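The values are calculated or read from the model by the stated rules, or taken from the named source; none is laboratory data. Just so it is clear, the model here is predicted, and its values are computed rather than measured. All Cβ positions, even for glycine, are placed from backbone atoms using ideal geometry, and neighbour counts span all protein chains on display. SASA here: full protein model, heavy atoms, side chains in, ligands and nucleic acids out. Shrake-Rupley method; radii C 1.70, N 1.55, O 1.52, S 1.80 Å.
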Amino acid sequence: GAPHFKGMSQYGAYGRAKSGQNVETILSAYYGGGIQIKKDYDTNIQIKVDGFGSYSLEEYAKRIYEMPGSWGDNGGMEALKAQAVAARSYALARTNNGASSICGTESCQVFKSAPKGGKWEEAVNATRGWVLMANGAPFSAWYASTSGGYQESYSGNGYSTPGFWDTPSGQSGWTAQA
């Protein structure tokens, strides 16, 4: 997606995964230590996708085309898992737990009628039912492909994400380490 500098940087998550960070550490880095990861969210909630129909939360997640599945073969499996959690969380927040619909374009999340399969589906299955929560409700987990090395804070559900330099050595690592 187009950089808006908020939420998770997909390439940043990929770099974090390749450096050994797990899915929970990646999610905490981008969404803050105060965010909760609920690991048993109701997977039967139906997500209505404009022009496509309704899908269970997990079947919806398997049809999100936001990150290269090949990253899973190149040290980025934990980034794919983080994306799966972010995608579920975003959809639930955007649709008010399935009460309304979501678009299937890059304006919301890129959705296709066929499951993506491969490493992406492995990541979705490995995080089945995992959703980011803030103050008892699904958190609108924004993300974009890149951020240029800086993540801006944003708020939802009365919770604010951190703003930070997304490099191993903070601002002094920008731009070489972004």
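Nothing charged except the Cβ atoms of Lys and Arg (+1) and of Asp and Glu (-1): what's the magnitude of the dipole of the chain about its Cα centre? Round to the nearest 20 debye.
100
Check the straight Cα-Cα distances from Lys112 and name the lysines below 17 Å, setting aside those fewer than 8 residues away within the same chain.
Here the lysines satisfying the reach criterion relative to Lys112 are Lys48, Lys62.
Per the helix-only calculation at 222 nm, which mean residue ellipticity applies to the chain, given -39500 (n - 2.57) for every DSSP H run of n ≥ 4 and division by its residues, nearest 500 deg cm²/dmol?
-8000 deg cm²/dmol
Ignoring any ligand, DNA or RNA, what whole percent of the accessible area of the chain comes from carbon and sulfur when the probe is 1.4 angstrom?
Working: 3600 of 7660 Å².
C and S atoms contribute 47 percent here.
Based only on Cα atoms, what Rg/Rh ratio does segment 133-178 have, Rh being taken as Kirkwood's radius?
Value, to two decimals: 1.08.
Give me the accessible area per residue for the chain, probe 1.4 Å, as a whole number in Å².
Computed with neighbouring chains in place, this is 43 Å² per residue.
Take the alpha-carbon centre of segment 82-158, take the same for segment 1-44, and report the distance between them in whole Å.
10
Any chance you could tell me what percent of the C-alpha pair distances in the chain go past 26 Å? Can you show the working numbers first?
On the way: 3527 of 15753 pairs.
Tail of the P(r) past 26 Å holds 22 percent of the pairs.
Once you place label points 7 Å from the Cα toward the Cβ at Asn97 and Lys39, how far apart are they in nm?
2.3
Set the Förster radius R0 to 25 Å, insert the Cβ-Cβ distance between Ser169 and Asp73 as r into 1/(1 + (r/R0)^6), and round the FRET efficiency to 0.05.
Calculated value: 0.30.
If you take every DSSP beta bridge fully contained in segment 2-142, what fraction is antiparallel? Give it as a percent rounded to 5.
85
In terms of the Cα gyration tensor, with a ≥ b ≥ c the square roots of its eigenvalues, is segment 82-145 rounded because a/c is under 1.5, prolate because a/b exceeds b/c, or oblate?
Note, shape of segment 82-145 comes out oblate.
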